[in-house]
1. Looking at the square roots a ≥ b ≥ c of the eigenvalues of the Cα gyration tensor of the stretch 212-295, which shape do they give, rounded for a/c under 1.5, prolate if a/b is larger than b/c, or oblate?
2. Counting Lys and Arg as +1 and Asp and Glu as -1, each charge on the Cβ, what is the dipole of the stretch 332-409 about the Cα centre in debye, to the nearest 20?
3. List residues of the stretch 1-29, by number, whose backbone nitrogen lies under 12 Å from a label position 7 Å along Cα→C-beta of Ala68.
4. What's the FRET efficiency of Val181 with Asp343 using the Cβ-Cβ distance as r and R₀ = 30 Å, to the nearest 0.05?
5. Along Cα→Cβ, 7 Å out, is where each label goes; now give me the distance between the ones at Glu310 and Trp402 in nm to one decimal.
6. Cα convex hull of the stretch 265-403: how many Å³ per residue?
7. With a length cut of 18 Å (Cα positions projected on each helix's long axis) and a Kyte-Doolittle mean of at least 0.5, go through the chain and give me the DSSP H helices that pass.
8. In percent, how large is the relative contact order of the stretch 1-109, given Cα pairs closer than 8 Å and 6 or more residues apart?
Amino acid sequence: MRRLPRPATSLAVGVGAAVSLAPGLLPRTATAQGLLTGVLVAAALAAAAGVRMVVRRNGSEGSEAWRAVAFGLGVLAVGVSVAHARQWQNALRAAMGLPDTDLWYWPRCLLGAALVVGVLVGVARGFRWVWRRLGAARGVGLVVVAVLAAQFVLLPTVAEWRRSAYAAANAAMDPAVVQPVSASRSGSAVSAVSWPSLGVEGRRFVTGSPSRSVRVYVGLESAPDLAARVDLAVRELERSGGLTRGNLVVVVPTGSGWIDARAAAGLDERFGGDVALVGLQYSEAPSWATFLFGRAAAEKSARALFTAVEQRVGELGGRPKLYLYGQSLGAAAGSAIFTGEEDQRHRICAAVWAGPPANRVHRAHATVLANSSDPVVRWSLRLLWRAPDLTGTRDDAPRPGWLPVISFVQTSVDLLGALAPPPGHGHRYGIDQGTAMATC
């Protein structure tokens, strides 16, 4: 009869599967869960291969009894993890108004995980075969050449391709979005901001309903540099009548220039239409890319616009009243305008921060909206060794306990599906982003 797997192999499969099936924040598709399980099992098998090298040097790979014990522990770990993961997934789905996992969910997970493990193990064995054929010296040389090619050829090529893709997406004209006719909206026939220069997200924002509020938006292509864009935004506020409204909200977009339509509608409702909203695009890339590589640009843009608007409002004697709103990266960049809690307290009437990254924002005169199931609110590198700061989060789904490293892995994976749940869960927020704005 064929021998049982080596002890390290059995334990690696059990540990990798258990970590991949640990409680997460959001429901997952069978494909996503299978991919995660496959990657973590393959990583555990790679670690087990290193353990086997050490064990072989000691002259033993374990007795048959030890193989049987390890195999049994691995099977038990997988079985218990699957049973608990099934209950957890269904509890999350029930809290979010989604149907339970179907009969074929877990078989699809198993199939996906097996395919991923097979591919990764096959690739690893292929590299090992090439390494042995080339020898150590040639193998090291090949690795050096590959690293240099990736750094100086592949990565710049991919980065340029992505920049071109982001620019093309920003310039795309949606035929369903019609140029506004109201003089109170940027991009109209009388506006100093041209309709094409608003970008795809700016065009959606200025055409949004209700139509009572003034909506000013300046895109990246609306002026040649940040100073010119800020000046244009202030002039647009004056032209559109925004400075005659009783309330003015500086809206800090996310990375691609997106402003949540639910937030804009909520602000209109909160102030009964007596409000002007002004936003300034600072990037064409999505929020995650801007957060990692362009956060300074987001903060600089938010600070420049707010300071200019604040100065102009001050010249008018303090009317309109000044507010701030930001979601996700917009919340982080908006909070960074101020040097601290006292600075924020004295310079604005109120603020709303929705889904702030790592739940870190200034809270003076601010309403913080943070779903307990939002991975953006939890994620930071400190999650590897420290429980997340969940101050002020609202319970919208079962909360998983914190585990070192494991919680970081699970939360990182959940970031990929943060916008998949319905509003009120994950990284999606509702009209209360506007209606929750406090009084001056």
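The values are calculated or read from the model by the stated rules, or taken from the named source; none is laboratory data. All values reported here derive from a predicted model rather than from experimental measurement. Methodologically, a virtual Cβ is constructed for each residue, glycine included, from the backbone with ideal geometry; neighbour enumeration extends over all protein chains shown. Accessible surface areas use protein heavy atoms only, side chains included; no ligands, DNA or RNA. Shrake-Rupley method; radii C 1.70, N 1.55, O 1.52, S 1.80 Å.
1. Oblate, since a/c reaches 1.5 and b/c is not below a/b.
2. Charge dipole of the stretch 332-409: 120 debye, to the nearest 20.
3. 4
4. After rounding, the FRET efficiency stands at 0.15.
5. 3.2 nm
6. Here the figure is 124 Å³ per residue.
7. Sorted by number, the helices that extend far enough and score high enough are 7-20, 30-57, 64-95, 105-134, 136-149.
8. Relative contact order here is 44 percent.
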